[in-house]
């Protein structure tokens, strides 16, 4: 877990759920407005952190709609009424959360209705905070990354990991697409110093992945 106030925003990242999805709370310390990225499970822990910090959750952003990234969404939404946001191309995965859960031996409730869809270039504001949406298909058709310009930080979901990339053998996955997304949407526009918080595992940087990730530079 990390807890800091970089660029005047509160940042907490911690693993949730049986598959250890990285969930992040971002908040403006003045307005106390917050967003959550990938509430994949352990909704009580997420809500407890929000309450401890005195935060008002405005929205939940989802890097994609696999069950380990949306497992806590309904419960957090019901407790906070925060908006549910993800890319429209993952709606079919979102609606089939119970099928996904059964595949890995989990039990979940039916999903709550999403409030809106996110697309390339969309901006999400919370207090003084701002995130920009990047559409990076490949792990799923609607996979997204989120860039926090004030701190040059990318939340890469399951598109890019430290030393690896997201699997493409699940529903809607595509190896050519994910490699193109990484090259054109992450490596090309961002500097080596850009920090990356992936959907699972440890943080990294664009430069580290450019230099050492065995998948980078491959075409298929």
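We did not get these values from a lab; they are worked out from the coordinates using the rules stated. Quick caveat: nothing in here was measured; it's all calculated off a predicted structure. In this analysis, Cβ positions are derived from the backbone assuming ideal geometry, glycine residues included, and neighbour counts consider all displayed protein chains.
When DSSP beta bridges are restricted to pairs lying wholly in the chain, around 65% turn out antiparallel. Listed by Cβ neighbour count within 10 Å, with the fewest neighbours leading, 67, 108, 196 appear as 108, 196, 67. Given the C-alpha centroids of the range 87-127 and the range 130-176, what is the distance between them in whole angstrom? If you average the Cα positions of each part, the centres end up 15 Å apart.
Percent antiparallel among DSSP beta bridges with both residues in the range 18-119, to the nearest 5?
25 percent
Looking at the square roots a ≥ b ≥ c of the eigenvalues of the Cα gyration tensor of the range 142-220, which shape do they give, rounded for a/c under 1.5, prolate if a/b is larger than b/c, or oblate? Because a/c hits 1.5 or more and a/b exceeds b/c, the range 142-220 counts as prolate.
Residue order for 160, 186, fewest other beta carbons within 10 angstrom first, comes to 186, 160. P(r) for the range 2-212, from all Cα pairs and a bin width of 10 Å, is 9, 39, 39, 13, 0 %, short bins first.
Taking the beta-carbon count within 10 Å as an exposure proxy, list 146, 161 from fewest neighbours to most.
161, 146
Considering helices alone, the calculated mean residue ellipticity of the chain at 222 nm is -5500 deg cm²/dmol, with DSSP H runs of length four and up weighted by -39500 (n - 2.57) and normalised per residue.
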